Amino acid sequence: MCGIVGGIDLQGSRTLPLRRLWQMAHSVRHRGPDDSFAWSDVGIAMAAQRLAIQDVAHGRQPLSDPSGRVWVSQNGEIYNAEALSQDLATSGASFRSRCDTEVWPALYLAKGTACFASVRGQFAVALYDRSERTLLLGRDRIGICPLYYTLADGFLLWSSEIKGLLASGLVQAAPDRKGIDLVFTLFAAGTQRTAFANVSALRPGHFLRVKDGQISIHRYWDLQFPAQGQERLARPERLVQEEAQIQEEVTETLRRAVDRRFASDGPVASYLSGGLDSTLIAGISRSLHPTQPLSAFTVGFDGAGVDERPSASRSAALLSLQLETLVPSAAQILSALPAAVTAAEGPIMDTANACLLLLAQRVSARGFKVVLTGEGADEAMGGYVWHKSAKIMRALSLLHPDLPRWLRQGASYLATPGVTPLSLAHHFQGLRPSQLDLYEPLTQARTLLYSDAMQDALRDHNPFADLDLRIDAMKHWDPLHQALYLEYKLMLPGHLLLGKGDRVAMHAGVETRYPFLDEDFIDLVSTLSPSYKLRGFADKWLLRRIANKLLPKQIANPPKQMFKANALCELRPLPRWVEQLLSPPSLRQTGYFSVESVRRERALQALLPASWPRRYVLDGAFTALVMTQLWHHLFIGGGLCELPVWQPSPSPSDPPHSFLGHQHAL
């Protein structure tokens, strides 16, 4: 992966000053420490910080087609680049390198904006057509690679990270209260709205076009499920044969997905937790490379979280992997939290983000630039516990239609007595995705902690409006598929791929790759009956069948266990900056939280046993509260605690001569 930045004049022919472009690129150099290069023309400038993974000698970007008409810079990888280049070559396109980025200009010239739907991979790309004076910004289907944009001084600026926009000197950092609220309502960042006012993320599966000073945004892909009852299901009279065929198709599709993600001039490592998903990826990797040394990395805990070292070590031994284990102390996790928030560029709610940042640093220190992970299996195959609880609720509704509602109200009362139960279902036009049974009681923390001013600012806010949900389409799907769709729209891009994926990994110069997010894999499993995903109360049923065939039996069927470090309140001793962020002056300065409410709920949190519902709500809210205050301190002016604030990294006063290229980068 890389870091890409740039700007286009919406009002005329001004070119973004080279020094501003250099500052933007330098601020994301952690994403691409191997090279820095830029290109500019009348009214347009773009630059890339390169993490050299494929065709190291010839892959410098921005680059163009041979004529110099189309210029492009890309963050990410195109996994079908070889097939695309061969197809394009038959139509006369020529290529001068093995760099996958070089496919973009030829593909655009052949297909126009349909190029995005043809690409298989993880990417954020900026493409400029000099003849048409048209800019395209595009993002991969699921949202693995980030891309942000804003309007400033008549320019549209873009960057792989918000830091690049702030470093331009044209963008003033200011909070967006509705963006902050997404963390407390949906427990993830938005897919378009950010915590920064007037800074937007390009949604996954979308591209942005600038032509004649006009901006338009278009969806080129969205997840689709068959209508309920029309999913692919083995016929009873051929049950064994057809289920075996489905299992073989999914196995081979996943095998190809893993194989594609080994595209690299250097070694590829894996994250290994000992759970089903990462172990299956590691097992397939071993089968594809039976004699090659393979490395894996895992996180263990000595009292700071759930320790998965025994299962990870057993899996590594049985698969002949060289396993390296990181065991961060509570103090190390706490010390890494400011860097994790800096990487995420918004409030986070999970201390595990810091652990994954530390793990990525270890991976980088051992000389790896690429690591495979098991993220995406739960979203594809129904791996989360709320799908099982939703099944129970539907069964209970047969006894009495109001029974689920009574149980939800009771859970809400136990979690937040005296607070009016919140229902999020009205945002879904009568649908009730299973996640809402978790979201609704946890969301009550907003009422407990927000200041009056914060609540007033959010009075008419619909947080789900940010997610670009096709609710009319959802109405035709099975309830499990409705919930999986919401996970793809929310948890993956806004939490797992942002705070725990790209941002912390690339903060250390490591590219994470996700076989379970392969387009062919998603397209295939989305057609399958929910019974292949959640059969009875067996989650990821088909995936477990595949693991039983591919993996040693000792590691083929591990229980579901989420990777999670202890909540912030359980990590001791808390550093001074935590109390400083929670002091009345600091809380009043940000204005998000009520000073009296925070004092009251912290006192209650200290008294309640960890098993109480109210304590569960408060523990998660406390982490998010402190991280919100920390984010504000780091990015919105400081003054809340003793920690240094984020500032654009010092760079030479002028960019080096080699930074700007006037000829083809190749």
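General remarks:
- Contact map, the stretch 194-223: first residue closer than 29 Å to S13 by Cβ and open to solvent by 30 Å² or more (accessible area, probe 1.4 Å), second residue part of a strand (DSSP E or B) and of a type outside the set (S, T, Y), Cβ cut-off under 6 Å, separation 6 or more or different chains; pairs are R209/L136; S216/R209; I217/H206; I217/L208; H218/F207.
- Number of positions in the stretch 351-383 that are open to solvent by 10 Å² or more (accessible area, probe 1.4 Å) and within 21 Å of N566 (Cβ to Cβ): 4
- Flag if G367 is small (G, A, S), outside any helix (DSSP H, G or I) and more than 17 Å from the chain's Cα centre (by Cα): yes
- Residue satisfying all of: in the stretch 280-329; open to solvent by 60 Å² or more (accessible area, probe 1.4 Å) and of a type in the set (V, I, T); modelled with the lowest pLDDT among these: V306
- For D277: the one exception among (1) at pLDDT 95 or above; (2) not in a helix (DSSP H, G or I): (2)
- In the set R31, R96, only one residue is open to solvent by 10 Å² or more (accessible area, probe 1.4 Å) and of a type in the set (D, E, K, R); that residue is R96.
- T447 polar (S, T, N, Q), part of a helix (DSSP H, G or I), modelled with pLDDT under 95 and surrounded by fewer than 19 Cβ atoms within 10 Å (Cβ to Cβ): yes
- Checking each residue of the stretch 303-315 against the condition of being among the small types (G, A, S) and part of a loop (DSSP other than H, G, I, E, B) gives at least one match.
- Leading residue by the ranking (surrounded by the fewest Cβ atoms within 10 Å (Cβ to Cβ)) among those in the stretch 138-190 that are in contact (Cβ under 8 Å) with a residue 60 or more places away in the chain and among the β-branched types (V, I, T): T185
Here's the yes/no breakdown for (1) in a helix (DSSP H, G or I); (2) modelled with pLDDT of 95 or more; (3) more than 20 Å from the chain's Cα centre (by Cα):
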{"position": "S423", "(1), (2), (3)": "no, no, yes"}
{"position": "P433", "(1), (2), (3)": "no, no, yes"}
{"position": "D437", "(1), (2), (3)": "yes, no, yes"}
{"position": "R459", "(1), (2), (3)": "no, no, yes"}
{"position": "P493", "(1), (2), (3)": "yes, no, no"}
{"position": "K500", "(1), (2), (3)": "yes, no, no"}
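- Tally of residues being assigned to a loop (DSSP other than H, G, I, E, B), over 13 Å from L109 (Cβ atoms) and either without any contact (Cβ under 8 Å) to a residue 60 or more places away in the chain or not aromatic (F, W, Y) (or both) across the stretch 55-85: 9
- Here the stretch 529-572 is the region considered, the condition is being under 25 Å from the mean Cα position of the chain (by Cα), part of a strand (DSSP E or B) and among the hydrophobic types (A, V, I, L, M, F, W, C), and the residue that is modelled with the highest pLDDT is L534.
- Yes/no for A610 being in a loop (DSSP other than H, G, I, E, B) and either hydroxyl-bearing (S, T, Y) or farther than 20 Å from L357 by Cβ (or both): yes
- Residue match in the stretch 35-54 (condition: closer than 22 Å to V371 by Cβ, open to solvent by 20 Å² or more (accessible area, probe 1.4 Å), in a loop (DSSP other than H, G, I, E, B) and free of Cβ contacts under 8 Å to residues at least 60 places away in the same chain): no
- Criterion: surrounded by fewer than 18 Cβ atoms within 10 Å (Cβ to Cβ), part of a helix (DSSP H, G or I) and among the small types (G, A, S) - qualifying residue of A483, A473: A473
- Residue among L643, L604 that is of a type in the set (A, V, I, L, M) and not in a helix (DSSP H, G or I): L643
- Conditions (1) touching a residue at least 24 places away in the same chain (Cβ under 8 Å); (2) open to solvent by less than 60 Å² (accessible area, probe 1.4 Å): number failed by L88: (1)
- Filter result for I246 (part of a strand (DSSP E or B) and touching a strand residue (DSSP E or B) at 6+ places or on another chain (Cβ under 8 Å)): no
The values are calculated or read from the model by the stated rules, or taken from the named source; none is laboratory data. Everything numeric in this text was worked out from a predicted model, so none of it was measured. So basically every Cβ, Gly included, is an ideal-geometry build from the backbone, and we count neighbours across all protein chains shown. Protein only, heavy atoms only, side chains kept; ligands, DNA and RNA dropped before computing areas. Shrake-Rupley method; radii C 1.70, N 1.55, O 1.52, S 1.80 Å.
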